[in-house]
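Structure first, commentary second.
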Amino acid sequence: MWFYAQEVLVPYQTADAAAHGRPRGNLSDLYPRWLGARELLLHHRDPYRPEITREIQTGYYGRPLDPNHADDPKDEQGFAYPVYVVFFLAPTIGLPFPVVQTGFRWLLVVVTLVSVPLWLRVLRWHPSAAVTAILIILTFGSYAVVQGIKLQQLSLVVSGLIAGCAAALVAGHLALAGFLLALATIKPQLALPMAAWLVLWAISDWHRRRPFIWSLGVTIAILLAASEYILPGWMGRFRDAVAAYRQYTGGAGSLLDVLATPVLGKIMAGGAVIAIAGVGWQLRRVTNDSVVFSTMLALVLAITLVIVPSFAPYNQILLLPAMFLIASAWGNLWSRNWLTRTACAVAVVIVFWPWLASAGLMLAWPFLSAGSVPRAWAAPLYTSLGIPLVVLGLLTVYVSDLLKTAPAAPWSEPKP
């Protein structure tokens, strides 16, 4: 996968950009946030302003985008984040951006590496050292992680924060969990579904679980208040920036919007939200040290991937717990019935196709002509949109079986 990204995908994109006069700068998704943080904290400039967007484009693309140039990218790379992301980047604003890039790239490696054992702990799966090593290698070799690291995407940081939150919850450190989840809201679309479920869960046993609510609420309140202090009225600007982002990215629809129509996709997403809300209500009293609780976390994250208004492959890092659950229960799923076996076989093809295609490209690379590359570069990405759906489907079967067979005792707290 790394060979494919470095030797096939990037050269193809570079050649295609040159052929169409399309600009290419540092192409770091961190850069718009870093430049916005620097300008706000050092020069008190509003990072949502159009002039900052043009400065961001100069670094990200190499020049400001020209609306009269049909082949220029449509993504304006505006500062479409909550303003409190600048507090995370504050220690770096005095450094040259290439240094920041290098450091952040290694941070993403460490965060992703730590996420694997954290999720294994959350799911109470204790594989051998060899299996754990294989899981780590497959994680780092997935297109989601390769793309996230190469683009320096904050989604990998948010995924690590969510993994830390989940590990803190199952260990009983509720205040720490609330704090980590509040930090993860730098990408609200990824963190809010998890926050909604956990708030419901915590309120359902306020006496025992209120530290989570207090920590989450106080941390978010501090972030919002500090943001309002350094940039009064930022929420309106942030809302406008998100609306502009959705417009220049063609609506930024969800995965369901892309695979179905926007109208049908929204109906299906609404149905998914109602279904997960129903399951969440049923399990709102589940204990934080139960298998059902951990499974619910994985299910919420899998649902998040299909309903959020973005289908970028790097967000698929949130499927880690779902994939680990499916892998740990593979024998039961395979032997369940012929329909499930068929679903498992389809899932294997869809999930493993990117690796198979990348391996094929690597082996065939010495024999490919220059004209073959434009036709072959997309091959590993053919099943990218299907991965969240097949993982969610198998996880739903797993959850259904778990709820039928798990004894009632571990689900709920004993009443005082």
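Remarks
- Going from the residue with the fewest nearby Cβ atoms within 10 Å to the one with the most, Ser290, Ser369, Ser142 rank Ser369, Ser290, Ser142.
- Leading residue at positive end of dipole, the chain (Cβ point charges), from Leu392, Gln77, Leu169: Leu169
- For region 258-273, putting each phi into the Karplus relation 6.51 cos²θ - 1.76 cosθ + 1.60 with θ = phi - 60° gives couplings of 6, 6, 9, 8, x, 5, 5, x, 5, 5, 5, 5, x, x, 5, 5 Hz, in residue order, rounded to whole numbers and with x for Gly and Pro.
- Approximating the spin labels as points 7 Å out from Cα along Cα→Cβ, the Thr58-to-Leu339 distance works out to 6.1 nm.
- For the chain, a simple Cβ point-charge model (Lys and Arg +1, Asp and Glu -1, everything else neutral) yields a dipole of about 800 debye relative to the Cα centre.
- Here region 1-139 is treated as a sphere whose radius is the Kirkwood value from Cα pairs; by Stokes-Einstein at 20 °C and 1.002 mPa s it diffuses with a coefficient of 121 µm²/s.
- Phi-based couplings in Hz for region 98-109 (Karplus 6.51, -1.76, 1.60; Gly and Pro marked x): x, 5, 4, 4, 4, x, 5, 4, 5, 4, 5, 4
- Within straight-line cross-link reach of Lys150, aspartates and glutamates at Cα separation under 15 Å, skipping those fewer than 8 residues along the same chain: Glu7, Asp29
- Volume per residue of the convex hull around the Cα atoms, evaluated for region 208-249, comes out as 80 Å³.
- Among His43, His173, His126, residue whose mean-square fluctuation peaks in a GNM of the chain (springs only between Cα atoms under 10 Å): His43
- Comparing Gln189, Gln147, Gln282 in a Gaussian network model of the chain where C-alpha atoms under 10 Å apart are linked, the largest mean-square fluctuation is found at Gln282.
- Taking the chain as a Gaussian network of alpha-carbon nodes connected by springs under 10 Å, the highest mean-square fluctuation of the residues Val292, Val110, Val85 belongs to Val110.
- Reported to the nearest whole Å, the Cα centre-to-centre distance from region 339-406 to region 192-243 is 36.
- Neighbour net charge for Ser294 - beta-carbon separation under 14 angstrom, K R +1, D E -1: +1
- Sorted by Cβ density within 10 Å, fewest first, the residues Ile203, Ile387: Ile203, Ile387
- The shape of the chain can be summarised by an equivalent ellipsoid whose semi-axes, obtained from the alpha carbon gyration tensor, come to 35, 29, 19 Å from longest to shortest.
- Annotation note: trypsin sites (Lys or Arg not before Pro) in region 95-139 located in DSSP loop regions with a Cβ neighbour count of at most 14 within 10 Å are Arg124.
The numbers here are math on the coordinates, done by the rules we state, and not lab data. This is a predicted model, so every value here is computed, not measured. When we count neighbours, we look across all protein chains shown, and the Cβ atoms used for this are built from the backbone with ideal geometry, even at glycine.
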